[in-house]
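Following: one structure in structure tokens, then a few remarks.
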Amino acid sequence: MTRSPLLGCIEAGGTKFVLGVARDINTMLQTATIPTTDPQETIGTAIEFFAAAQAEWGPFDAFGIASFGPVDLDRASPHWGHIGETPKAGWSGIDLVGPFAQAFGCRVGFDTDVNGAILAETMWGAAVGTDVAIYVTVGTGIGGGAMVEDRPVHGSCHPEMGHMLPRRHPDDRDFAGVCPFHGDCLEGLASGPAIAARWGASLSELAADHPAHEIIADYLAQLVIAQQAILSPRRIILGGGVLGTPGLLERVRQRAARLANGYFGADDYATLIVRPGLNGRSGLLGAMALAQRARR
């Protein structure tokens, strides 16, 4: 009898690593969450987890890693599988793929965390059946991944949607932004740290009539319009901690519709802009999907 494949799944975030051992979408055998500390400790702890799982379940057939970025996705590059220049202290230039490939002797699928998330959402979640779809997470940072005709968009690097330069809201002219690279890019203006730096609290902690709600909705709606202009997606999934703010998703839909002014032919912004469909598992299941693809 043929054994079902054993897949190692890693959602590598700047705050935590979520680890999983899976057979398929319906069979997640084990999971664990570990803090993202220094690379040696974090990667070492993850390898210990998977080594214990291998002792129980048998050899791994493939790994999938969906990582915070920027990362090198060019297979021809000597730095493929490495973290790029990141604000996360100590992680720039770190090889993520190599330690797992060497420890377990199998193929490793590798992509950004948001590309992993949109891959999972197109296979099993809120973007099933779409030919062009985008996943955006708005939290400690802002990142976006895109799927076009069943392929994640890479290009010369990979999409960095959080670093687009929006028009400043008229009531938000003076804040310099928190991005160490660009100041007032989208991430510098609308991420969780940007909101806290500007108003001293998270968006969900501010009163419902606080102007921050309209300002942040405006910036995120500008991202939606840019995506419509460039990729013409059928679905835009907005996730991350900031999107947990009551009423924010609805504000983004309304503002995007006003900014579009009927031009893009998408009258139903409630269908275009949606929440993730995988109940917080988009990243980990994206890693599993990357492992499945690595086996092909």
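Counting each DSSP H run of 4 or more residues in the chain as -39500 (n - 2.57), what helix-only mean residue ellipticity at 222 nm follows after dividing by all residues, to the nearest 500 deg cm²/dmol?
Computed ellipticity for the chain at 222 nm equals -10500 deg cm²/dmol.
How many nm separate the modelled label positions at Thr33 and Glu250, each set 7 Å beyond the Cα in the direction of the Cβ?
Roughly 2.8 nm, to one decimal.
Residue by residue through segment 42-52, which ³J(HN,Hα) values in whole Hz follow from phi under the Karplus form 6.51 cos²θ - 1.76 cosθ + 1.60 (θ = phi - 60°), with glycine and proline marked x?
3J(HN,Hα) across segment 42-52, in whole Hz: 5, 5, x, 5, 5, 5, 4, 4, 6, 5, 5.
How do 148-154, 214-220 rank on mean C-beta neighbours within 10 Å, highest first?
Put in order of decreasing packing, that is 214-220, 148-154.
By average Cβ neighbour count within 10 Å, what is the ranking of 60-68, 231-239, 183-191, 114-122 from highest down?
Peptide ranking by packing, descending: 114-122, 60-68, 183-191, 231-239.
Quick one: dipole size for segment 148-229, taken about the Cα centre, charges +1 on Lys/Arg Cβ and -1 on Asp/Glu Cβ, in debye to the nearest 20.
About 180 debye.
Quick check: pseudo-label points 7 Å beyond the Cα along Cα→Cβ at Ser232 and Ala176, how many nm apart are they?
4.3
Apply the Karplus curve 6.51 cos²θ - 1.76 cosθ + 1.60, θ = phi - 60°, to the phi angles in segment 190-207 and return the couplings in whole Hz, x for Gly and Pro.
10, 6, x, x, 5, 5, 5, 5, 7, 10, x, 7, 6, 4, 5, 7, 7, 4
Please state the relative contact order of the chain as a whole percent: Cα pairs under 8 Å, 6+ residues apart?
About 21 percent, as a whole number.
Could you rank the peptides 245-255, 28-38 by their average count of other C-beta atoms within 10 Å per residue, with the highest value first?
So the peptides 245-255, 28-38, ranked by packing, come out 245-255, 28-38.
Of Met28, Pro87, Gly139, whose Cα points farthest to the positive end of the dipole of the chain (charges on the beta-carbon: +1 Lys, Arg; -1 Asp, Glu; origin at the Cα centre)?
Of the candidates, Met28 comes out farthest on the positive side.
Going by amide H atoms built from the backbone, whose H comes under 5 Å of the H on His82, apart from near neighbours?
Asp72, Leu96
Near the amide H of Lys16, under 5 Å away, which other amide H atoms are found, from residues 5 or more places off or on another chain, if H is placed in the peptide plane?
Distant-sequence amide H within range of Lys16: Thr36.
What is the distance in Å between the Cα centroid of segment 22-54 and that of segment 178-234?
First find each Cα centre; the distance between them is then 33 Å.
What is the spin-label model distance, in nm, from Asp74 to Arg293 if the labels are put 7 Å beyond Cα along the C-beta direction?
1.9
At a threshold of 8 angstrom on Cα-Cα distance, excluding pairs fewer than six apart, so keeping six or more, what relative contact order does segment 159-263 reach in percent?
Relative contact order comes out at 24 percent.
So how strong a dipole does segment 14-122 carry about its Cα centre when Lys and Arg Cβ are +1 and Asp and Glu Cβ are -1, to the nearest 20 debye?
Its charge dipole is roughly 100 debye.
For segment 153-167, take each phi angle, set θ = phi - 60°, evaluate the Karplus expression 6.51 cos²θ - 1.76 cosθ + 1.60, and give the result in whole Hz per residue in order, putting x for glycine and proline.
After applying 6.51 cos²θ - 1.76 cosθ + 1.60, I find 7, 10, x, 5, 9, 5, x, 10, 5, x, 10, 5, 10, x, 5 Hz.
Around Ala127, which amide H atoms from residues at least 5 apart in sequence, or from another chain, sit under 5 Å from its own amide H, with H modelled in the peptide plane?
It is Thr122, by chain and number.
In degrees from 0 to 90, rounded to the nearest 10, what is the angle of the helix 113-124 Cα long axis to the longest principal axis of the chain?
Result, in degrees: 80.
For the chain, place one equal point scatterer on every Cα, skip the solvent, and apply the Debye formula. What is log10 of I(q)/I(0) at q = 0.12 Å⁻¹?
Normalising to I(0) and taking log10 leaves -0.76.
Each value in this text was obtained by applying a stated rule to the coordinates, not by laboratory testing. As the structure is a computational prediction, the values presented were derived from the model and not from experiment. Methodologically, a virtual Cβ is constructed for each residue, glycine included, from the backbone with ideal geometry; neighbour enumeration extends over all protein chains shown.
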